[in-house]
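These notes concern the structure reproduced below.
The values are calculated or read from the model by the stated rules, or taken from the named source; none is laboratory data. These numbers come from a predicted model, not from an experiment. Every residue, glycine as well, gets a Cβ built from its backbone with ideal geometry; the counts of neighbours run over all protein chains shown.
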Amino acid sequence: VHYCVANMPGSVPLTSSEALNNATLPHVLALADHGLAALDRDPHLANGLNVKNGHVTFDAVIEAMAAEAA
């Protein structure tokens, strides 16, 4: 059973803020330390890239933009 309630983090704001910080801080530090080279070093971080050098790189965004244009 999968259960998802979008506003559940609001019931534990401190814990959810700390969890978000713990999940994102390593990526922020990697980008700060290595710049765009961090994307080459970490495939998970690269998967979050949507636009590079003015070109959309993420397939889901490309598909969504094509659907809106149609």
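Things to note:
- Tally of residues being part of a loop (DSSP other than H, G, I, E, B) and either acidic (Asp, Glu) or farther than 23 Å from Asp59 by Cβ (or both) across region 34-45: 2
- The sole residue among Leu25, Leu31, Leu20 that is part of a helix (DSSP H, G or I), modelled with pLDDT of 90 or more and over 20 Å from Phe58 (Cα atoms) is Leu25.
- Index of the failed condition, Lys52 passing every other in (1) surrounded by 10 or more Cβ atoms within 10 Å (Cβ to Cβ); (2) at pLDDT 90 or above: (2)
- Cross-chain or 6+ apart pairs with Cβ under 9 Å, region 37-64 first and within 24 Å of Pro26 (Cα to Cα) and free of Cβ contacts under 8 Å to residues at least 24 places away in the same chain, then assigned to a helix (DSSP H, G or I) and acidic (Asp, Glu): Ala46/Asp40
- Residues located in region 46-70, provided they are assigned to a helix (DSSP H, G or I) and either in contact with a Pro (Cβ under 9 Å, 6 or more places away or on another chain) or among the β-branched types (Val, Ile, Thr) (or both): Val61, Ile62
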